[in-house]
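Reading through the structure tokens given below for one structure.
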Amino acid sequence: MSDFDAIVIGAGAAGLFCAGQAGQLGLRVLLVDHSERIAEKIRISGGGRANFTNRDLDVRAPQRHFIGDNPNFCRSALSRYTPAQFIALVERHGIAYHEKHKGQLFCDGPSQQIIDMLLAECAAGSVTHWQPCRVDAISRTADSTFHVDTSRGTARAPRVVIATGGLSIPQIGASDFGYRVAAQFGLRVVAPRPALVPLTFGGDAWAPYAGLAGLALPVRIQTGEKKTRMAFLEDLLFTHRGLSGPAVLQISSYWRAGAPITIDFAPDTEIHDALVSAKQRSRKLTANELATLVPSRLADAWVGQLPSLQRPINEAPDRALAELAERVARWQITPSGSEGYKKAEVTAGGVDTRDLSSQTLESTQRGLYFIGEVVDVTGWLGGYNFQWAWASAHACAQAMAAGHTPAL
Ligand SMILES: Cc1cc2nc3c(=O)[nH]c(=O)nc-3n(C[C@H](O)[C@H](O)[C@H](O)COP(=O)(O)OP(=O)(O)OC[C@H]3O[C@@H](n4cnc5c(N)ncnc54)[C@H](O)[C@@H]3O)c2cc1C
């Protein structure tokens, strides 16, 4: 005899949403989380205002904004639970929101409103919530009942949903629990790696640029060979250790160790043409002319590296101007690494989608589901990761309810 119809482990974005939905569909649900505080990642997300979805997600081709070994895996869930549906839920709960940039929707008030909404949805589904509660072991009996041993005792159910997220930000409860459960049940895991993360550069190589810390500007950034090339037009931020800002976070998810990234600091300008024309009409210093096209700190740093350009632009050698233009429009640099899980917004990789159903998120082990960030599906910056959490949770809850016969 089971105590519950489903046990959801991990009460973050995906787990809370799945538990509430499944409960409202008639399942007796237990939701377990080891953290003291509820849904810390939602609370700190979007600078405290939770970028909870993205209106630009293309429901006919949602995979465009996601990466993973099988980019098409996320299509089914994302097209069956859309941003419009989550927005309708947010509106039903009276949460005010606004669009900031490129379809990104944020709460007007604190992100706690989204947590309260998810908790209210769980209450509406009569979800039992054990938190903080440590999970010690999961086992399955011959009659396919899962036993989940916890610090509050053993709970039994025919279904277990793993929603424990990735490795990012261990200081607020992230753990490798989901990958360990996958391995225990013989499922494959795509090696996890930090994504949406600032990139770092080796000490000496970075020395000429360390003085630019704090400088932010719009750039075009790209990485990858012809076939796999990915590019973003976004803001970049120089830091003491390397590069950050939305442009770099986005490209970091595609960057592979040892590969260079290329940055165009003047994406809207034909920089070589502009310098050649300045040479014909101006007697200003080259750095001052360049400063009309890019921020002056950047202009000083770039011109400072070319001794033959320490003079008025009309005296600048053509070859040196061409070299300067090349450096500004196609600066190629190879990161030595990233800031790692301490700073990464998400973890790429995760439970291998070859071992999961894209329709239901059930694994090849009957009754064992994986949803949210623990799966090898990673969204772009801008609300896509939460949308994946909601959509995968929804697909899982629907599937569990469809296969469930309510007790009389
Ligand atoms: C600083 C920051 C800002 C972000 N901002 C945004 C944003 O604005 N928009 C967006 O779309 N995405 C954002 N993200 C990403 C987003 O937060 C995650 O992708 C999303 O929360 C994943 O949902 P999840 O439910 O899979 O995992 P999580 O929300 O991480 O939840 C996992 C839960 O599992 C629990 N858990 C872990 N291990 C165990 C265990 N062993 N036993 C029991 N419980 C366990 C954790 O305590 C946690 O509550 C941000 C991430 C960070 C770090």
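Does residue 316 meet the test of being buried (at least 18 other Cβ atoms within 10 Å of the Cβ) and modelled with pLDDT under 95? Taking the combined requirement at face value, the residue satisfies it. Within region 56-68, residues that are open to solvent by 30 Å² or more (accessible area, probe 1.4 Å) have Cβ atoms under 7 Å from residues that are among the hydroxyl-bearing types (Ser, Thr, Tyr) and part of a helix (DSSP H, G or I) in these pairs: 59/79, counting only partners at least 6 apart in sequence or on another chain.
Being closer than 30 Å to residue 333 by Cβ, in the same structural domain as residue 36 (by TED's automatic domain parsing) and among the hydroxyl-bearing types (Ser, Thr, Tyr) narrows it down to one of 126, 139, 168, so name that one.
Going through 126, 139, 168 in turn, just one is closer than 30 Å to residue 333 by Cβ, in the same structural domain as residue 36 (by TED's automatic domain parsing) and among the hydroxyl-bearing types (Ser, Thr, Tyr): 168.
Residue-by-condition table, conditions (1) touching a Gly at 6+ places or on another chain (Cβ under 8 Å); (2) assigned to a helix (DSSP H, G or I); (3) assigned by TED's automatic domain parsing to the domain that holds residue 146:
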{"residue": "15", "(1), (2), (3)": "yes, yes, yes"}
{"residue": "19", "(1), (2), (3)": "yes, yes, yes"}
{"residue": "31", "(1), (2), (3)": "yes, no, yes"}
{"residue": "38", "(1), (2), (3)": "no, no, yes"}
{"residue": "41", "(1), (2), (3)": "yes, yes, yes"}
{"residue": "58", "(1), (2), (3)": "no, no, yes"}
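Being touching a residue at least 60 places away in the same chain (Cβ under 8 Å) and among the hydroxyl-bearing types (Ser, Thr, Tyr) is true of residue 253.
State yes or no: is residue 73 within 14 Å of the ligand (Cβ to nearest atom) and either surrounded by 14 or more Cβ atoms within 10 Å (Cβ to Cβ) or within 21 Å of residue 396 (Cβ to Cβ) (or both)? So residue 73 does not fit the description; no. Given the condition more than 14 Å from the ligand (Cβ to nearest atom) and of a type in the set (Ser, Thr, Tyr), answer yes or no: does some residue in region 88-101 qualify? Taking every residue of region 88-101 in turn, none turns out to be more than 14 Å from the ligand (Cβ to nearest atom) and of a type in the set (Ser, Thr, Tyr). Scanning region 369-387 for residues that are farther than 13 Å from residue 192 by Cβ and either outside any strand (DSSP E or B) or more than 8 Å from the ligand (Cβ to nearest atom) (or both) gives 369, 370, 371, 372, 380, 381, 382, 383, 384, 385, 386, 387.
The values are calculated or read from the model by the stated rules, or taken from the named source; none is laboratory data. These figures come from a predicted structure and were not determined experimentally. Every residue, glycine among them, receives a Cβ derived from its backbone with ideal geometry; neighbour counts consider all protein chains shown. Please note that ligands, DNA and RNA were not included when accessible areas were found on the heavy atoms of the full protein model with its side chains. Shrake-Rupley method; radii C 1.70, N 1.55, O 1.52, S 1.80 Å.
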